[in-house]
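S.K.: First the structure, which I've put down as structure tokens, then a few questions once you've had a look.
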């Protein structure tokens, strides 16, 4: 499928990026650099213009009462909401209509490319670049951990322009199907809707989408991508893992491993036009597999923490919310007089004597005791 974006990259921009893209082995980047820049501007505009304007219009009392930290977080969540809806819709559309993608075999899934997949890569890449700038500028709010996450996400998505595993771009983008409910949960907390029936319904949607999209769908497709990389390794597609792989296919250089010519792929011939020698560095394969494993482990951890956090917002039996602690009752008599205000008067009896404490606002309390009997 061709790139659905109606504007092609200006020649001057593609030529300016090409030397750097060639040096970094990102041959499809010049085709999509303009989409990355437009996506970056789009997300920043939402953050500094659209989100504050709409929030002040629909939630004036809440938004104007936020401190700086909460307001910045609110605007960032608005951007996240827009981005998740946009990329999820695009990913589902590509998975349904992109016949070239759907016809890829294992070789096409690893090295294949088409314009629609590159467009989706650009939308996601533009967002993570924006996220990197935001986390860097507001590091006092988001911290070093979020900054490291943004750097890692930018690095991983840039590898898609090699191209590498473009087929799985829409697959793993669908992790974001749980993000709208996650953002809504955060908004409800800030709008004093914590523990409401609306948050309960949203929480059920959040847990369901997170479980099925990240844990079930994500784990199954992680196994499938491992399988495709393993097939590539067995067919000489990975450089540096086995010095004899090249010789197995009659090549002069043991480490110069390429896909054998008898391995077919389906769909348009254009799918493999950027595959080059169809080699896969060992560091790339191993780093991707390691990152995928770590992400899946984190997803299970986050799922457990998410359930724990949700249950704290609701009463038993489904929740674990504790009743509010009540202060110990003390017999206190209050009365207002002019010009003095009596603020505390109590009688405390320990069985042997009675202690009377009285006082007025702005003066030390007077203590008087008397023996019983």
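Quick note: the coordinates plus some simple rules give every number you see, no bench work behind them. Nothing here was measured: the structure is a model prediction, and the numbers come from that model. Every residue, glycine among them, receives a Cβ derived from its backbone with ideal geometry; neighbour counts consider all protein chains shown.
S.K.: Rounded to two decimals, what is Rg over Rh for the stretch 1-145 when you use alpha-carbon atoms and the Kirkwood radius?
M.R.: Ratio of gyration radius to Kirkwood radius: 1.05.
S.K.: Relative contact order, percent, of the stretch 11-311 when contacts are C-alpha pairs under 8 Å separated by at least 6 residues?
M.R.: About 21 percent, as a whole number.
S.K.: Give the separation of the Cα centroids, the stretch 1-63 to the stretch 98-167, in Å.
M.R.: 13 Å
S.K.: Run the quick spin-label model on residue 16 and residue 309: label points 7 Å from Cα toward the beta carbon, then report their separation in nm to one decimal.
M.R.: 4.0 nm
S.K.: Give me the one-decimal nm value for the distance between modelled label points at residue 96 and residue 208, 7 Å along each residue's Cα-to-Cβ direction.
M.R.: Taking the simple label geometry, residue 96 and residue 208 are separated by 1.9 nm.
S.K.: A further question on this structure: For residue 290 and residue 61, FRET efficiency with R0 = 45 Å and r from the beta-carbon atoms, rounded to 0.05?
M.R.: Computed FRET efficiency for residue 61 and residue 290: 0.40.
S.K.: Also, I was wondering about something else. Pull out a ≥ b ≥ c, the square roots of the eigenvalues of the alpha-carbon gyration tensor of the stretch 145-217, then state rounded if a/c is under 1.5, prolate if not and a/b is larger than b/c, and oblate in the remaining case.
M.R.: Note, shape of the stretch 145-217 comes out oblate.
S.K.: Distance in nm between label sites at residue 50 and residue 133, each 7 Å beyond Cα in the beta-carbon direction?
M.R.: Reported label-point gap for residue 50 and residue 133 is 1.5 nm.
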